[in-house]
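Enquirer: Please see the structure below; I have some questions.
The values are calculated or read from the model by the stated rules, or taken from the named source; none is laboratory data. All values reported here derive from a predicted model rather than from experimental measurement. Ideal geometry is used to build each Cβ from the backbone, glycine not excepted, and the neighbour counts take in all protein chains shown. When the accessible area is computed, the model is the full protein with side chains, heavy atoms only, and any ligands, DNA or RNA have been set aside. Shrake-Rupley method; radii C 1.70, N 1.55, O 1.52, S 1.80 Å.
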2 protein chains.
Amino acid sequence: MNSLHTIPRKDGFRLWSEHDWHSGSWMLWPERQDNWRMGAKFAQKAFAEIANTIAGFEPITVCVSASQFENARNQLSENVRVIEMSSQEAFMRDVAPTFLTNGSEIRGIDWTFNGYGGLLEGLYFPWNLDDQIAMKVCELIGIRRYKVHEFVFEGCAFRYDGEGTIVVTEECLLSEGRNPSLSKEDMESTLKEYLGIDKVIWLKRGLYMDEGKGHIDNLFCFVKPGESLLSWTDDETHPQYEIVHEALEILGNEEDASGRKITIHKMPLPKPIVITREEAEGIDKNAFSISRREGDRLVGSYLNFYLPNGGLIYPVFDEETDIAAEELLKEFFPHRKLVGIDAHEVFLGGGGIHSIVSAQPGIQRGLL
Amino acid sequence: MNSLHTIPRKDGFRLWSEHDWHSGSWMLWPERQDNWRMGAKFAQKAFAEIANTIAGFEPITVCVSASQFENARNQLSENVRVIEMSSQEAFMRDVAPTFLTNGSEIRGIDWTFNGYGGLLEGLYFPWNLDDQIAMKVCELIGIRRYKVHEFVFEGCAFRYDGEGTIVVTEECLLSEGRNPSLSKEDMESTLKEYLGIDKVIWLKRGLYMDEGKGHIDNLFCFVKPGESLLSWTDDETHPQYEIVHEALEILGNEEDASGRKITIHKMPLPKPIVITREEAEGIDKNAFSISRREGDRLVGSYLNFYLPNGGLIYPVFDEETDIAAEELLKEFFPHRKLVGIDAHEVFLGGGGIHSIVSAQPGIQRGLL
């Protein structure tokens, strides 16, 4: 199916919210040995646990290269669908289509993807197969696709309230490696036209050490329209202290598309995570790969959860903060079944549970 | 979805007939340069024409490697679905699942595939990806799969009347490279149990120079239960003369599963086809590739047609025999729209229109 060259907003389409009913979800299979330690075997185990857990809530498809097909098939449970689709990294949310709806039909946006910053500051090279994923998913499920040239954007780069407002960071969208020739105003205008939204709230930065280079999904999320969670620490020595306080100040002065103040609840950050020597040693060293050394800090956040139908799958870190996080998640998502998963190996590779899963809208029949 | 280890016949399943309504069809994209001349570009053009033609009759999915994805997408029309699925050759019928039905559900058989004869006499090496195609198609469309170990069988190796009878050749099934440890009786018993059929008619040989090593699809097909077409020549100097006369004699002495004599109509063979020097020159020469030299004969047959819903897509060869063939096809398939296609480039690589397409049953909802 070829791409559309019209503007979604004019076609009556708007951003779909992942809080709504899914027809299913999509993941990639981690394979690159210069990011995922020990031949990606630990990451594969963690990804498999996440996929197998999601399969208890909704249909899920895991996309894998030809060479890893059999292994993935054997590690994944029977009710996970495995299909061949090659990638260079494993962060499905960033490369999947951004799903739109007009209430009866689903369409997808296929942004440009350049490995989180292209040749200037991207995390790996090449990224051509990852840039094709959005097209391949649209093709496979049979939906029409808007191809956006020369606009680099990723699924972890925004949070959506479901009612016309998204929140992004300047660090990410205005980074030199992504869209150096676009002004902030150009970008805001394009986002409004393509996502059919009315308000873009700009935070300054994502969490410190977020490898998405300013991705917002570890920092902030909506619980529902007008209500949100913000990663938080009162510890001035915590590496995220300054960033979360800055975010709170900006959000406190903003209104959403409906003119509401956004209520902000504070989600405790886990204690700082540091790469161990053993973890650093098992990663291939290549010219283009990220350096991961003993003692390097990793980003970690409870907001990197995924919302399958009727469920909430969140990462656990350490008992103290886990208990507080779970209480908050229970409070704000009382009708969802909570499942905590040790996703340390996913965070080690720069990801999180939210980052590696993309939800497919459930309103159109016959998909997946 | 993991494989079943029960017996289809006992589960109430039987072979589905491609004369029935399809939910769609499947093809592979030709890529190997040691079989398809000039970087497979001529073959790709021919495959694209066939796929685009089928798309006018029914949904069609073309499976292509990651490296050829974009090129295939651009060569195929908008209503062809293109998905990533790697193969080593392009004969979908031989590697697709053999579809079974119990009237309300579809299942697939995943036979062993070994490149038409394994290390002993196979046409290429390796064939591991082709052996995975049946599994991948079952997985993608969400049907249960019977995995048959140690039984080499291909989709072009049999013809089915839709009512309990298949016709095969000894040359193919009993070839040393396929099932050397199985007796004819073992094979017949397995075929009956897995296909839920009651009669196996054994011809001696497939057409001369058929690269499937005895595949029956160029030689014989059913028009409907009890009525068939046999490739034919009265010219004693034609390379197929002896083979078609031998087949007629055997078929004339057989009854089908219902105890009927099978009416046999004679379909003229096209004039012998010979590879030109230009054609032979554009093929890569590798240790494992088939030798194709100037002057080598190619098999050609009007019976290598495909039956999309409401249509019949057949190969044209030369005007004289084309006219006679079309008249016969019109007579036996009066309700189908006939489309003749120059499939010379497909035959050059050892295929035909029937060989490169596999039909997916249409009785189950939600597939494709």
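Enquirer: Tell me what chain B gives for mean residue ellipticity at 222 nm when only DSSP H runs of n ≥ 4 count, each as -39,500 (n - 2.57), the sum divided by the residue total, rounded to 500 deg cm²/dmol.
Expert: Helices in chain B give a 222 nm mean residue ellipticity of -7000 deg cm²/dmol.
Enquirer: So how far, in whole Å, is the C-alpha centre of the stretch B:265-331 from the one of the stretch A:221-290?
Expert: Centre-to-centre distance over Cα atoms comes out at 65 Å.
Enquirer: Another question, if that's okay. Calculate, in nm to one decimal, what A:Ser67 and A:Glu121 gain on full extension: separation in residues at 0.36 nm each, minus their alpha carbon distance.
Expert: The A:Ser67-A:Glu121 span can extend by a further 16.6 nm.
Enquirer: How large is the accessible surface per residue of the protein assembly as shown, computed with a 1.4 Å probe and reported in Å² as a whole number?
Expert: 38
Enquirer: Right, here's the next one. Compute accessible area for the stretch B:109-151 by itself and then with all protein chains, 1.4 Å probe, and report residues whose area falls by 10 Å² or more.
Expert: Going by heavy-atom accessible area, the residues of the stretch B:109-151 that drop by at least 10 Å² are B:Leu129, B:Gln132, B:Met135, B:Lys136, B:Glu139, B:Leu140, B:Arg144.
Enquirer: Say a label goes 7 Å from Cα toward Cβ at A:Glu281 in every copy; what distances in nm does this one have to the rest, shortest first?
Expert: Spacings between copies for this position, smallest first, are 6.0 nm.
Enquirer: Also: Describe numerically, in nm with one decimal, the distance between label points set 7 Å from Cα along Cα→Cβ at A:Leu328 and at A:Glu246.
Expert: 2.0
Enquirer: Taking all protein chains together and a probe of 1.4 Å, list B:Val223, B:Val339 from the most accessible to the least accessible.
Expert: Sorted descending by solvent-accessible area, the residues read B:Val339, B:Val223.
Enquirer: Rounded to the nearest 0.05, what FRET efficiency do B:Glu278 and B:His238 give with R0 = 25 Å and r taken as the Cβ-Cβ distance? Could you check?
Expert: E between B:Glu278 and B:His238, to the nearest 0.05, is 0.50.
Enquirer: Further question on the same structure: Label position 7 Å from Cα toward Cβ: report the copy-to-copy distances for B:Ala324 in nm, one decimal, ordered from shortest.
Expert: List, nearest first: 8.9 nm.
Enquirer: Once neighbouring chains are kept in place and the probe is 1.4 Å, which whole percent of the accessible area of the protein assembly as shown is contributed by carbon and sulfur?
Expert: 48
Enquirer: Note the distances from A:Arg293 to each other copy's matching label point, with points 7 Å along the Cα-to-beta-carbon direction, in nm, sorted shortest first.
Expert: Distances between equivalent label points, in nm: 6.4.
Enquirer: Ok, one more. Could you sort out which of B:Lys224/B:Lys261; B:Lys204/B:Lys261; A:Lys136/A:Lys204 sit more than 23 Å apart by Cα distance in this structure?
Expert: Beyond 23 Å: A:Lys136/A:Lys204.
Enquirer: Additional query: Mind listing which trypsin sites (Lys or Arg not before Pro) in the stretch B:297-368 are in a DSSP loop and have 12 or fewer other Cβ atoms within 10 Å?
Expert: B:Arg365
Enquirer: Ok, one more. Under 17 Å from a point 7 Å along the Cα-to-Cβ line of B:Lys204: which residues of the stretch B:242-270 have their amide N that close?
Expert: The answer is B:242-254, whose backbone nitrogens lie closer than 17 Å to the label point.
Enquirer: Right, another one. Based on DSSP, what percent of beta bridges with both residues in the stretch B:1-116 are antiparallel, to the nearest 5?
Expert: 40
Enquirer: Under the rule that an exposed site lies in a DSSP loop and has at most 12 other Cβ atoms within 10 Å, name the longest stretch of chain B with no chymotrypsin sites (Phe, Trp or Tyr not before Pro) of that kind, not counting the sites themselves.
Expert: B:22-287
Enquirer: Give me the accessible area buried between chains B and A, both sides summed, with a 1.4 Å probe, in Å² rounded to the nearest 100.
Expert: Buried area (both sides, nearest 100 Å²): 2100 Å².
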